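Below: one structure, written as structure tokens.
The values are calculated or read from the model by the stated rules, or taken from the named source; none is laboratory data. Source: prediction; values computed, not measured. When we count neighbours, we look across all protein chains shown, and the Cβ atoms used for this are built from the backbone with ideal geometry, even at glycine. In case anyone asks, the SASA skips ligands and DNA or RNA and just uses the protein heavy atoms, side chains included. Shrake-Rupley method; radii C 1.70, N 1.55, O 1.52, S 1.80 Å.
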Amino acid sequence: MKKLLTLLILFTLLACNDDGDEFRDLLPEVQVNKTVFLNNPEFIDLQVVGGWAYTSDGISGIIIYHYGIDTFIAFERSAPHLSPQPCSRMSVKNGLTMECPCDGSVFNILNGAPLTDGVNYAARQYRVLNTGPNTLQITNF
């Protein structure tokens with residue numbers, strides 16, 4: 001009986017496969033290492049809290065948001081629940097959300113959380129480091 005119970009427990013443990021992919025988005029992995037100079041005219045809106053801007057890099061570009069006094073966040077523009085395609089490039093709407101034109105899905109710009117029923121992936125967030133006066137480094141490593 002003990003052998004049967006041991007085999008059953010062992011089989012159950014081996015049958016569990018948690019590879020951690022359940023929360024990953026559907027986007028391919030790409031290396032991101034972008035330097036942003038906040039003094040450049042294209043980033044003038046990032047001078048104030050609540051300001052946002054687009055920049056290149058990533059899969060379809062990056063959305064940068066000035067979250068707090070010295071805090072910035074950055075998200076991939078490709079919608080996380082679709083494979084990359086021209087219409088899956090998200091745009092900022094009302095300065096509060098990011099919207100995918102393919103299906104109208106909406107994501108919170110403060111944390112990337114999906115706001116549309118049926119969308120189970122958050123927008124892919126990148127790391128933002130203040131590397132000097134008016135300089136940001138956006139990476140995914």
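A few remarks follow.
- Remark: the stretch 36-108 projects, on average over all directions, an area of 4.8 nm² (convex hull of Cα atoms).
- Packing, as the average of other Cβ atoms within 10 Å across residues, places the peptides 52-58, 91-97 in the order 52-58, 91-97, highest first.
- Share of carbon and sulfur in the accessible heavy-atom surface of the stretch 80-141 [1.4 Å probe, %]: 49 percent
- For the stretch 27-43, the residues whose amide N sits under 12 Å from a probe point set 7 Å from the Cα of Thr139 along the beta carbon direction are 32-35.
- Packing order of peptides 99-108, 35-44, highest average first: 99-108, 35-44 (average count of other Cβ atoms within 10 Å over each peptide's residues).
- Extension gain for the segment Leu129 to Glu42, taken as residue separation times 0.36 nm less the Cα-Cα distance, is 29.4 nm to one decimal.
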